[in-house]
Amino acid sequence: MIFLAFNVLIPLTAGALPQDGQNSTECSQSIVHQSIIITVLVTLTHETWLQMLKSLFYDDLDKTKLKLQNNECSPLTNANNENTQNFIVEDQKCEDEDVETEDVENELQVAARDAIGSDKLVLCKEGVGGTYFLLDDEENKFGVFKPTDEEPGAINNPKELLDEPILPPGGGAKREVAAYLLDQSRAGVPETYFLNNVSSTVFCTKNGNEPKSGSVQKYIDVIGSSSSFGSSCFLTEDVHKIGILDIRILNLDRNDENILVKKEADTLRLIPIDHTYSLPPKIQTPYFEWMYWKQAKLGFSDEMKDEVNKINIAEDAKLLRNIGIDEDSIMTMRITTTLLKKMVAKGKTLFEIAQMICPVGKCKTSKLEEMIQIVSKQIESVPNQICFNEKGEKREGGDLFIELFCRVIDEL
């Protein structure tokens, strides 16, 4: 809580006081002014305090990520080239340490900045965008950098293999970071952060040698991609975790080349990478490589069901807003994650849930798209009173949609 004390001077009614020998009607013309001082103590929440600061210092609070929110620390910086700032309130702590400002970079970001500045990077031959392997002093790969302006369809893309990318260029870095933050190491998405204002002569540049920004991801030493192995070799747990992540972010391009394989002892483990084409602004047809693997047709373990049940959609939405994901894409996440949680609770398999999201057979629309159409029509004809909650507060459009969407799911 924030405590503010104000001294307020309150003037009293001015008037003339009678002098000795005068009655009240024969007052002196000298006027006496009287006042009192009142001390006012105001108690504010951190959120209210930050909103007050916003009105003084910021045009758009959504563009600023404040680590005071939820009392959590984050190593992230903003995806744009703008310098973000964090207001630190006295005695605010995070894991018994002082909250750090957002311009403090972590070890991976620092190493990546140094490598890029020293031209210790090479362009990856695979893929359709500008992806660079970062090298240490011994020429070993330690990171992967994807500049925003070299995404497929962007002006500086070095490969020009796609005339029409799945999603417009420019938002890949945010979506890469979003996948890592939402995953929270469950499916094994490598550490991924923003990296701003870096320059190298190795970069593809067609519009001047300006500094670039994008995402940097920790490099994982693997033995190949899933395309080099039979899918029966993989752990059911790994397949389920990747499938859950892909549904939550509606991954439009989960092909067998962006599921990497590493060996731990005698076990093959899966590593999901490349989430540039996820979190689209509207529900559309995804691609799930794992959909027809045998593991997807097996039931979830009790531990996996519990993990899905614990997913907090509201907190995930806040997280995505903090890194600049647009509201339409956040709504996509809310819809797909709601479907996931409901279907897992009903005992459905990963395959059965994927069948609801992907068009099956000759159908051009998926079951999910049909459900969304039903809800959209319901909203058009909904009585005005339903637009308000029990407290009489007007519901946000997205909240009403999700409530009606849940009813449609429950009726299945």
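Read the figures in this text as sums done on the coordinates, not as results from a lab. All of these numbers come straight from a predicted model, not from anything done at the bench. Glycine gets a Cβ as well: all are built from the backbone with ideal geometry, and neighbour counts include every protein chain shown.
List of remarks:
- Net charge dipole, region 227-289: roughly 200 debye, given to the nearest 20, about the Cα centre with Cβ charges of +1 for Lys and Arg and -1 for Asp and Glu.
- Amide hydrogen proximity for residue 212: with H placed 1.01 Å from N in the peptide plane, the residues at 5 or more positions away or on another chain lying under 5 Å are 197, 198, 199.
- Cross-linked pairs 310/367; 141/206; 146/364; 125/218: Cα-Cα separations exceed 28 Å for 146/364.
- Taking label positions 7 Å along the Cα-Cβ direction at both residue 255 and residue 110, the computed distance is 3.8 nm, reported to one decimal.
- Summarising the label geometry, the points placed 7 Å from Cα in the beta-carbon direction at residue 140 and residue 365 lie 5.4 nm from one another.
- Euclidean distance between Cα centres, region 224-248 to region 136-160, Å: 26 Å
- Here the Karplus relation 6.51 cos²θ - 1.76 cosθ + 1.60, evaluated at θ = phi - 60°, turns the backbone of region 140-151 into coupling constants of 8, 6, 10, x, 10, 10, 10, x, 4, 7, 10, 5 Hz, with x for every Gly and Pro.
- Ranking of 118, 213 by neighbouring Cβ atoms within 10 Å, starting from the fewest: 118, 213.
- Amide H contacts under 5 Å for residue 143, placed H, 5+ residues apart: 134, 219
- Amide H within-cut-off set for residue 191, under 5 Å, with H built and near neighbours excluded: 218
- Cα point-scatterer Debye curve for region 105-219, base-10 log of I(q)/I(0) at q = 0.12 Å⁻¹: -0.39
- Total formal charge among the other residues, if their Cβ is under 15 angstrom from that of residue 360, Lys/Arg +1 and Asp/Glu -1: +2
- Taken about its Cα centre, region 129-214 carries a charge dipole of roughly 260 debye when the Cβ of each Lys and Arg holds +1 and the Cβ of each Asp and Glu holds -1.
- Cβ-Cβ FRET estimate between residue 119 and residue 155, R0 fixed at 25 Å, reported to 0.05: 0.70
- Counting every other Cβ atom within 10 Å of each residue's Cβ, 193, 132, 180 order from fewest to most as 180, 193, 132.
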